[in-house]
Every structure is written in structure tokens, then in C-alpha cells.
């Protein structure tokens, strides 16, 4: 499981090369995963199942 919490008021990004499955929990806006970069908006938390 991938857990990402961004308590700041600004978007945050990091490199991520895994495969994501279903979102288990989300509070806030939608995250994106494009070209190996995971971006989460400010004031957002997400728990996502990772695929193997």
C-alpha cells in the first residue's frame, strides 16, 4: 500500500515507478501519476493499493 499525505497548501511531486491499483481512501483532491511522477495536491491524503 502506498500512503501519501500532503498537509501543506502546495502541490508536491516525487518520482514513482510502481504500478497503482485501487484507491482505498482519499481525502482532498485527485492525485496524478504521469511519466513516473506522482503529484498530490495540497491538503490531500491518499491510500492506494500497489500492484505487484
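Laboratory data are not the source of any read-out in this text; all were calculated from the coordinates shown. Here the structure is a predicted model, which means the values were calculated and not measured. All Cβ positions, even for glycine, are placed from backbone atoms using ideal geometry, and neighbour counts span all protein chains on display.
Observations
- Three-way shape label, the chain, alpha-carbon gyration tensor, a/c 1.5: oblate
- From most to least packed by mean Cβ count within 10 Å, the peptides 24-34, 7-17 give 24-34, 7-17.
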